[in-house]
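Here is the structure we will look at, set down as structure tokens.
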Amino acid sequence: MKKCILAVLLCAAMIMATLSACGSKDTGKETSANTKSGTEKDDTQKEMMDVTLNEVAHSIFYAPMYVAVEEGYFADEGINLDLVCGFGADKTMTAVLSGEADIGFMGSEASIYTYNEGANDYVVNFAQLTQRAGNFLVAREEMPDFSWDALKGSTVLGGRKGGMPEMVFEYILKENGIDPAKDLEINQSIDFGSTAAAFAEGKADYTVEFEPGATSLESEGKGYVVASLGEDSGYVPYTAYSAKQSYIEKNPDVIQGFVNALQKGMDYVQSHTPEEIAEVIEPQFPETDLKTITTIVTRYYDQDTWKDNLVFEEDSFNLLQDILESAGELEQRAPYADLVTTEFAEKAAK
């Protein structure tokens, strides 16, 4: 498929070169260096590189990335970004390993699982985006004096076993002296995108929701956010960008340009208000009104969700593996040196 796309782009480039020689208006696209008119190629013009990014979900939680898209930062780096939603870390990882996607954006626990399974060309994390969990505990009534002890004896709509949302939730429970297996019932049978609807229909006492699910339940008067898993779990390397070793080795300039664009997005959210951020990313969420987007951005902004750089530090990687071990999902720890590279993020942050 990519070869077909490349062939089409090459043909388009040849046509544009011909049109340019005939005096057509310059579209800004790449043209041949040897045009019939003898016009020299602009030295500042970048050769565009197609890059397919598979994201685990399309969420306001990842605002800095969408700022980079909408502000043209990827294009500035010579990257023609094709953003695809994988709807799950397992699917995103499969897309990267199969070559369907060049870069994956997901919880980095997936890279640890793949490494421990013995993959030869395993994926390496090269940039961390979020530093807190992005989900919230929603109850059926307001609980201004909420305590995690309130969950004892209750039923909660949780996440997929082995996924970061569920593991962080269970980690918080254990940190508060609650046994996830004995002290409450966690229903993991409902699909990730359907828990808010199930809760609205009366299932369970609580639900663990990403946005916009949490805000939607509140706006409908069917639920109330009583706790932030991001705040109560502390700083956790929740999502990161990764690619196969072979891709990084063959395309270091593409990876650097990609990270440079992301860093500009990170800089933007650090220096602008939630209202300004919401306005920039609004086109990414046509089904959500600006007021709701602003509410969600503010919620993430206030809990210090986004790092000021993209460096995936070793302490964060070790904490991630602590959480995996606590959840019973990790039999053998993976080496940081194999699964993380910081050179691109460090360079972008300078």
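Bear in mind these aren't lab numbers, they're just calculated from the coordinates by the rules spelled out. No experiment lies behind these values; they were computed from the predicted model shown. Positions of Cβ are generated from backbone atoms using ideal geometry, with glycine treated the same way; all protein chains shown enter the neighbour counts.
Can you check what the net charge comes to around E343, using other residues whose Cβ is under 15 Å from the Cβ of E343 (Lys, Arg +1; Asp, Glu -1)? Show your work: numbers first, answer last.
Values: positive: K347, K350; negative: E249, D253, E313, E314, D338, E346.
It works out to a net charge of -4.
Taking K and R as +1 and D and E as -1, what net charge do the other residues with C-beta under 15 Å from the C-beta of G177 add up to? Don't skip to the answer; put the middle values down first.
Numbers: positive: K152, K174, K182; negative: D149, E170, E175, D179, D183, D232.
Net local charge, G177 excluded: -3.
List the pair-distance distribution P(r) of the range 79-118, using every Cα-Cα distance, as the percent of pairs falling in each 5 Å bin from 0 up to the bin containing the longest distance, rounded to whole percents.
6, 24, 32, 23, 9, 4, 1
Using only Cα atoms, find the angle between the long axis of helix 252-271 and the longest principal axis of the chain, and express it within 0 to 90 degrees, rounded to the nearest 10.
Between helix and principal axis, roughly 60 degrees.
Using the Kirkwood radius built from alpha carbon pairs, what does the Stokes-Einstein equation give as D for the range 291-343 at 25 °C and 0.890 mPa s, in µm² per second? Could the numbers behind the result be given before it?
Numbers: Rh = 13.6 Å.
Once the numbers are plugged in, D ends up at 181 µm²/s.
Which ³J(HN,Hα) values in Hz, rounded to whole numbers, follow from the phi angles of the range 340-350 under the Karplus curve 6.51 cos²θ - 1.76 cosθ + 1.60, where θ = phi - 60° and Gly and Pro get x?
Whole-Hz 3J(HN,Hα) from phi for the range 340-350: 9, 10, 10, 4, 5, 5, 5, 5, 5, 7, 6.
So what's the gap between the Cα centers of the range 229-263 and the range 109-134, to the nearest angstrom?
9
Per residue and in cubic angstrom, what volume does the convex hull of the Cα atoms of the range 241-309 have?
Expressed per residue, the convex hull around the Cα atoms of the range 241-309 is 106 Å³.
With both partners inside the chain, how many of the DSSP beta bridges are antiparallel, as a percent to the nearest 5? All intermediate terms of the calculation are to be shown ahead of the outcome.
Working: 18 of 34 bridges.
Counting only bridges with both partners in the chain, antiparallel ones make up about 55 percent.
Normalized C-alpha radius of gyration of the range 231-350, against 2.2 N^0.38 Å? It would help to have the intermediate numbers written out before the result.
Values: Rg = 16.8 Å, N = 120, 2.2 N^0.38 = 13.6 Å.
In units of the 2.2 N^0.38 Å rule of thumb, it is 1.24.
Identify which of S111, S194, S233 has the largest mean-square fluctuation in a Gaussian network model of the chain, with springs joining Cα atoms closer than 10 Å.
S194
Using alpha carbons only, how many degrees (0 to 90, rounded to 10) separate the axis of helix 164-175 from the longest principal axis of the chain?
40
Kindly write out, for the range 290-296 in residue order, the coupling ³J(HN,Hα) from the Karplus curve 6.51 cos²θ - 1.76 cosθ + 1.60 (θ = phi - 60°), rounded to whole Hz, with x marking Gly and Pro.
Per residue, the Karplus-derived 3J(HN,Hα) values read 4, 4, 5, 4, 5, 4, 5 Hz.
Output the 0 to 90 degree angle, nearest 10, between the alpha-carbon long axis of helix 314-326 and the longest principal axis computed from the alpha carbons of the chain.
The angle comes out at about 40 degrees.
Are any of the pairs K182/K244; K161/K347; K152/K307; K291/K347; K203/K291; K222/K307 more than 30 Å apart by Cα-Cα distance, and if so, which?
With Cα atoms farther than 30 Å apart: K182/K244; K161/K347; K152/K307; K291/K347; K222/K307.
R0 = 41 Å: FRET efficiency of N116 with M48, Cβ-based, nearest 0.05?
On the way: r = 37 Å, r/R0 = 0.90.
Working from the Cβ atoms, E equals 0.65.
Using a cut-off of 14 Å between beta-carbons, work out the net charge of the residues near N187 (Lys and Arg +1, Asp and Glu -1, N187 not included). Provide the component values of the computation, followed by the final result.
Working: positive: R160, K161, K203; negative: E166, E170, E185, D191, E201, D205, E209.
Net local charge, N187 excluded: -4.
Report, to two decimal places, the Cα Rg of the chain normalised by 2.2 N^0.38 Å (N = number of residues).
Working: Rg = 22.2 Å, N = 350, 2.2 N^0.38 = 20.4 Å.
Taking the Cα Rg and dividing by 2.2 N^0.38 Å, one obtains 1.09.
For the range 112-240, how big is the tail of P(r) above 20 Å, as a whole percent of Cα pairs? Before the final figure, lay out the partial values.
Numbers: 3821 of 8256 pairs.
The proportion of pairs with Cα distances above 20 Å equals 46 percent.
In terms of the ratio Rg/(2.2 N^0.38 Å) built on C-alpha atoms, what value belongs to the range 141-190?
1.12
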